[in-house]
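> The structure is given below, and queries will be raised subsequently.
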Amino acid sequence: MRSVQLAFGRLDDDAADEAEIAQATEDALRAAAQAQAKASAEELRLLDTLEDWARRASARPDAKAEALFAYLERTCRPKGRVGSLPGTTSA
């Protein structure tokens, strides 16, 4: 873990150019990846389950957005038509 801290600490140092910054970033990310433990079979299964849930949930309409759309329909189109606001006439 100390190697990860040292690698990321180098990113805080003043770098002379972008190439040094890029190299320090690459070194820090490599150190972090090597320090990280491999995911277990159970963790991978849980990640798959979460990914499936997120994919299904992303297709579901947002309840607050649905309520807003319903309110706008009732308010702006009370008779189901554009231009049907109270006090207006439609052509």
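The values are calculated or read from the model by the stated rules, or taken from the named source; none is laboratory data. Just so we're clear, the structure is a prediction, and the values are computed from it rather than from any experiment. Please note: Cβ atoms are built from the backbone with ideal geometry, for glycine as well, and neighbour counts cover all protein chains shown.
> Between a residue in region 28-45 that is assigned to a helix (DSSP H, G or I) and any residue that is exposed (fewer than 11 other Cβ atoms within 10 Å of the Cβ), which pairs come within a Cβ distance under 9 Å, given they are 6 or more apart or on different chains?
That search, which allows pairs on different chains as well, returns Ala35/Met1.
> Please enumerate the residues belonging to region 36-54 that are more than 22 Å from the chain's Cα centre (by Cα) and of a type in the set (Ser, Thr, Tyr).
Ser40 - this is the single residue of region 36-54 that is more than 22 Å from the chain's Cα centre (by Cα) and of a type in the set (Ser, Thr, Tyr).
> Continuing with this model, one more query. Confirm whether Ala57 is at pLDDT 85 or above and in a helix (DSSP H, G or I). Steps first, answer last, please.
Values: at pLDDT 85 or above: yes; in a helix (DSSP H, G or I): yes.
Yes: the conditions hold for Ala57.
> Scan region 47-54 and give yes if some residue there is modelled with pLDDT under 90 and acidic (Asp, Glu), otherwise no.
Taking region 47-54 and keeping what is modelled with pLDDT under 90, we get none.
No, that holds for no residue.
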